[in-house]
Amino acid sequence: MQAQAYELNGRAVDAASFTQAACDPYQSVVVEACAGSGKTWLLVARMLRLLLAGAEPSELLAITFTRKAAQEMRHRLMELLRELALADEDHARIILLERGVAEKDLPTSLPRARALYENLLSHPQGLAMDTFHSWFGRLLQLAPLTSGVPHGFSLLESTSSLQREAWGQMMQGLGLQVDEDEQGAVSERAQIKQELRYLFETLGDFNTQNMLEAFLEKRAEWWAVSCEDGSMVNPELPLSQLRDLMGEDGEHDARLQLWSNDPLLERIAQIAVCLGKGSKINQTRAQKIETALTTAREVFRQHGTIEPAHFEALATEFYANDGSYRKNRHTKELLKAIEAWMGANNEHAFDDECNAIAEALKEYARRSQELDVLRVNQALFSVGQYYLECYQELKSAQRMLDFADLEWQAYRLLRNEEYAAYLLGRLDSRYKHILLDEFQDTNPLQWNIVSAWLDAYGADHERPTVFVVGDPKQSIYRFRRADPRVFIAAQELLAQQGAKILKTNQTRRNAPRVVDVLNQAMQGNGMYSPQTTLSNKSGEVFRLPLIGHELGATPIEPSTDEVQEASQLTVEEATNAAPNEKNPFPLRDPLTTPDEEEEDLRRYQEGRQVAHCLLELRGLERAAGRELAWSEVMLLVRRRSHLSSYERALREAG
């Protein structure tokens with residue numbers, strides 16, 4: 001696929017057309033922009049264009065994911081406005097042209113642009129640049145008293161200690177002696193205790209606790225699907241949805257459907273006939289297959305039902321516990337039987353038929369697990385809700401809300417027609433333009449809140465313009481429930497409402513050789529499009545040997561010749577080269593070698609190798625009359641905990 005630097009609604013455009021469309025103050029836009037393409041630059045440029053078009057600073061709402069990003073956005077805008085205020089006319093014209101202002105509009109735009117800095121400083125309300133949760137908090141402050149939203153709360157940013165306390169409170173509450181014959185809450189608690197015991201027995205202690213912790217982390221989504229009227233939790237609602245998704249498999253064991261599938265049973269019986277004419281092993285299998293078939297029919301005739309054990313007795317003759325197919329010994333007798341049934345030279349077709357039957361049986365077995373899934377979820381919803389109640393009670397006693405509470409309360413308000421109308425009346429007088437930064441880190445509930453706000457406008461021409469920018473490939477907050485699919489959903493929804501869809505694969509950050517290797521390595525990834533670069537430095541890509549796992553192993557330091565050879569690797573060689581296979585990977589002795597020490601030593605050795613390679617590369621650059629600045633080198637590591645090892649190695653190397 002040929003790399004396209006800029007796209008507008010699916011067609012290639014030049015940089016000027018891209019910027020002009022992205023910064024159009026009267027048009028909603030969704031921008032998918034790769035790393036290093038200048039997303040913040042583009043967002044700030046659009047804010048400038050909105051202000052130039054006459055928008056008041058208080059009419060702009062810019063939302064990003066972290067406070068640091070919000071501060072950076074504000075700083076970048078103020079610096080741009082200050083630069084415009086102080087620049088000479090030629091430089092100011094260049095700034096505006098770069099941001100999509102038409103040449104014919106410069107005479108009127110230039111004086112207005114110079115005055116923006118002073119106007120913004122003197123504006124009483126200023127720009128609203130917040131994180132999602134800060135904005136949700138301000139929404140709740142606007143909520144009417146009758147909405148049930150708690151007022152005068154404190155924000156709880158770290159929940160780990162409170163979660164541990166809630167876990168202890170739950171276990172203590174369920175550990176008390178309860179009489180299952182009593183009525184009311186005590187009986188309900190006994191049922192929850194039974195469900196918790198079921199989870200421990202089915203999943204184990206570790207998995208059960210992890211699952212309940214995950215349930216608590218997704219409490220906002222749980223409330224969204226289990227609260228029919230926005231307030232009372234009804235666990236039967238999500239269970240009902242789950243049953244609907246499962247269909248008949250959520251009601252009955254799918255394995256029992258085999259016995260009503262006459263065509264498949266006929267195929268199985270024919271396989272048994274052929275196997276019965278083979279070797280003794282084949283004959284034994286045939287006998288077991290026929291026994292399973294006849295026993296199941298007889299049991300059904302006598303009792304009107306068939307047990308799953310009859311299915312297992314049949315299935316085990318076609319595949320093993322690990323899912324591998326049973327082999328057929330192709331004896332002369334079996335080949336004759338196959339020929340009589342299928343024709344000559346069809347032994348492979350016979351094996352394929354056996355394997356196809358095995359897959360059909362596996363599918364029944366997989367579908368039968370839906371009942372187990374339903375049962376586990378039923379227990380999870382019951383225990384999870386009790387755990388959540390313990391957690392919420394602890395927060396309520398301290399008059400605290402966490403981030404999930406902010407999301408849920410904002411969602412609940414905007415989904416309620418009465419409260420939504422009240423809030424929209426308050427918000428309409430303020431925000432006319434919404435800008436959403438780093439949108440790939442948005443979670444589904446956050447997007448539901450924004451879309452609920454936008455949906456309330458209908459076809460109203462006064463609805464806010466929306467600017468969304470992000471890159472699904474850079475979604476890094478999955479642990480906070482972010483989902484890159486939200487970006488795609490928002491893109492499709494806004495496109496239906498007339499938004500322009502822009503995409504840039506042009507980076508300013510990486511050299512051409514780096515981009516070439518990246519494009520080669522990411523081939524076949526559906527989320528990735530080939531990139532181009534504006535960098536005019538060719539760059540290099542190196543592949544260093546792996547560090548062995550033995551403590552004290554000396555890393556292999558590349559010589560000058562090896563560095564030169566590495567710099568001449570083709571893209572294919574760089575991405576497909578086999579790893580160094582010299583060093584074995586023995587087990588660590590936990591009695592003598594702490595895991596962290598061994599890991600730190602390997603990282604230190606790796607750092608020495610990188611430092612040696614960089615020094616050799618700098619020598620090559622100097623020999624060619626160029627100077628390699630360390631600011632041109634970026635070292636990326638998987639975990640921050642290893643940084644000290646790399647830093648020590650680099651310092652020692654000078």
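Residue 84 fulfils the conditions (1) surrounded by fewer than 20 Cβ atoms within 10 Å (Cβ to Cβ); (2) free of Cβ contacts under 8 Å to residues at least 40 places away in the same chain; (3) in contact with a Leu (Cβ under 8 Å, 6 or more places away or on another chain) except for a single criterion, (1).
Candidates in segment 158-170 are the residues that are part of a helix (DSSP H, G or I) and free of Cβ contacts under 8 Å to residues at least 24 places away in the same chain; of these, the one that is nearest to residue 417 (Cα to Cα) is 160. Within segment 422-437, the set of residues being open to solvent by 50 Å² or more (accessible area, probe 1.4 Å) and modelled with pLDDT of 75 or more comprises 422, 432. Residue 344: over 26 Å from residue 257 (Cβ atoms), of a type in the set (A, V, I, L, M) and assigned to a loop (DSSP other than H, G, I, E, B), yes or no? Spelling it out, residue 344 is indeed over 26 Å from residue 257 (Cβ atoms), of a type in the set (A, V, I, L, M) and assigned to a loop (DSSP other than H, G, I, E, B).
Among the residues of segment 147-157, which ones are in contact with an Asp or Glu (Cβ under 9 Å, 6 or more places away or on another chain) and either in a helix (DSSP H, G or I) or over 20 Å from residue 416 (Cα atoms) (or both)?
Of all residues in segment 147-157, those in contact with an Asp or Glu (Cβ under 9 Å, 6 or more places away or on another chain) come to 147, 150, 153, 155-157.
Passing the criteria: 147, 153, 155, 156, 157.
Among helices (runs of 4 or more DSSP H) entirely within segment 387-473, having at least 2 residues that are over 30 Å from residue 216 (Cβ atoms) singles out 417-428.
What's the total number of residues in segment 104-127 that are in contact (Cβ under 8 Å) with a residue 60 or more places away in the chain and either in a helix (DSSP H, G or I) or under 15 Å from residue 46 (Cβ atoms) (or both)? Residues that pass the stated criteria total 6.
Listed here are the residues, each with its yes/no results for (1) within 33 Å of the chain's Cα centre (by Cα); (2) surrounded by 13 or more Cβ atoms within 10 Å (Cβ to Cβ).
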{"position": "78", "(1), (2)": "no, yes"}
{"position": "93", "(1), (2)": "no, yes"}
{"position": "97", "(1), (2)": "no, yes"}
{"position": "101", "(1), (2)": "no, yes"}
{"position": "107", "(1), (2)": "no, no"}
{"position": "112", "(1), (2)": "no, yes"}
{"position": "145", "(1), (2)": "no, no"}
{"position": "155", "(1), (2)": "yes, yes"}
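Hey, among 591, 544, which residue is outside any strand (DSSP E or B), out of contact with any helix residue (DSSP H, G or I) (no Cβ under 9 Å at 6 or more places or on another chain) and either modelled with pLDDT of 55 or more or exposed (fewer than 12 other Cβ atoms within 10 Å of the Cβ) (or both)? Give the steps one after another, and end with the answer.
Values: 544 fails: out of contact with any helix residue (DSSP H, G or I) (no Cβ under 9 Å at 6 or more places or on another chain).
After applying the criteria, what remains is 591.
To keep it simple, each residue is scored yes or no on (1) open to solvent by 20 Å² or more (accessible area, probe 1.4 Å); (2) over 31 Å from the mean Cα position of the chain (by Cα).
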{"residue": "339", "(1), (2)": "yes, yes"}
{"residue": "345", "(1), (2)": "yes, yes"}
{"residue": "353", "(1), (2)": "yes, yes"}
{"residue": "382", "(1), (2)": "yes, no"}
{"residue": "449", "(1), (2)": "no, no"}
{"residue": "452", "(1), (2)": "no, no"}
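In segment 634-654, the residues that are open to solvent by 100 Å² or more (accessible area, probe 1.4 Å) form Cβ pairs under 8 Å with partners that are assigned to a helix (DSSP H, G or I), at six or more places apart or across chains, as follows: 648/604; 648/607; 652/608; 652/611. The condition (being more than 21 Å from residue 363 (Cα to Cα), of a type outside the set (Val, Ile, Thr) and assigned to a helix (DSSP H, G or I)) is satisfied by just one residue among 255, 285, 267: 285.
Checked against (1) out of contact with any Ser or Thr (no Cβ under 7 Å at 6 or more places or on another chain); (2) surrounded by fewer than 18 Cβ atoms within 10 Å (Cβ to Cβ); (3) modelled with pLDDT under 90, residue 41 passes all but a single condition, namely (3).
From the list 313, 296, exactly one residue is within 15 Å of residue 259 (Cβ to Cβ), in contact with a His (Cβ under 7 Å, 6 or more places away or on another chain) and in contact (Cβ under 8 Å) with a residue 12 or more places away in the chain. Which is it? The match here is 296.
Yes or no, residue by residue, for (1) over 30 Å from residue 409 (Cβ atoms); (2) touching a Gly at 6+ places or on another chain (Cβ under 9 Å); (3) open to solvent by 20 Å² or more (accessible area, probe 1.4 Å):
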site	(1), (2), (3)
221	no, no, yes
234	no, no, yes
247	yes, no, yes
257	yes, no, yes
260	yes, no, yes
263	yes, no, yes
268	yes, no, no
273	yes, no, yes
287	yes, yes, yes
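Condition check: out of contact with any Phe, Trp or Tyr (no Cβ under 9 Å at 6 or more places or on another chain), among the aliphatic types (A, V, I, L, M), at pLDDT 85 or above and part of a helix (DSSP H, G or I). Does residue 220 satisfy that? Criteria not met by residue 220. Looking across segment 188-217, the residues that are open to solvent by 60 Å² or more (accessible area, probe 1.4 Å) and either part of a loop (DSSP other than H, G, I, E, B) or over 13 Å from residue 385 (Cβ atoms) (or both) come down to 194, 197, 201, 202, 205, 206, 207, 209, 210, 211, 217.
Across segment 384-403, the qualifying residues are those that are surrounded by fewer than 17 Cβ atoms within 10 Å (Cβ to Cβ) and of a type in the set (D, E, K, R), and the one among them that is farthest from residue 240 (Cα to Cα) is 399.
Scoring residue 101 on the criteria (1) outside any loop (DSSP other than H, G, I, E, B); (2) at pLDDT 90 or above; (3) within 30 Å of residue 430 (Cα to Cα) leaves a single failure, condition (1).
Residues that are open to solvent by 30 Å² or more (accessible area, probe 1.4 Å), under 19 Å from residue 7 (Cβ atoms) and in contact with a strand residue (DSSP E or B) (Cβ under 8 Å, 6 or more places away or on another chain) within segment 488-517 comprise 491, 495, 500, 501, 503, 508, listed in sequence order.
Applying the criterion of being among the charged types (D, E, K, R) and in a helix (DSSP H, G or I) to the residues of segment 44-72, the residue that is surrounded by the fewest Cβ atoms within 10 Å (Cβ to Cβ) is 68.
The values are calculated or read from the model by the stated rules, or taken from the named source; none is laboratory data. Bear in mind that the values here come from a model prediction, so they are computed numbers and not experimental data. Note that each Cβ is placed from the backbone with ideal geometry, even for glycine, and that neighbours are counted across all protein chains shown. Just so you know, the surface numbers come from the protein's heavy atoms only, side chains and all, with ligands and any DNA or RNA stripped out. Shrake-Rupley method; radii C 1.70, N 1.55, O 1.52, S 1.80 Å.
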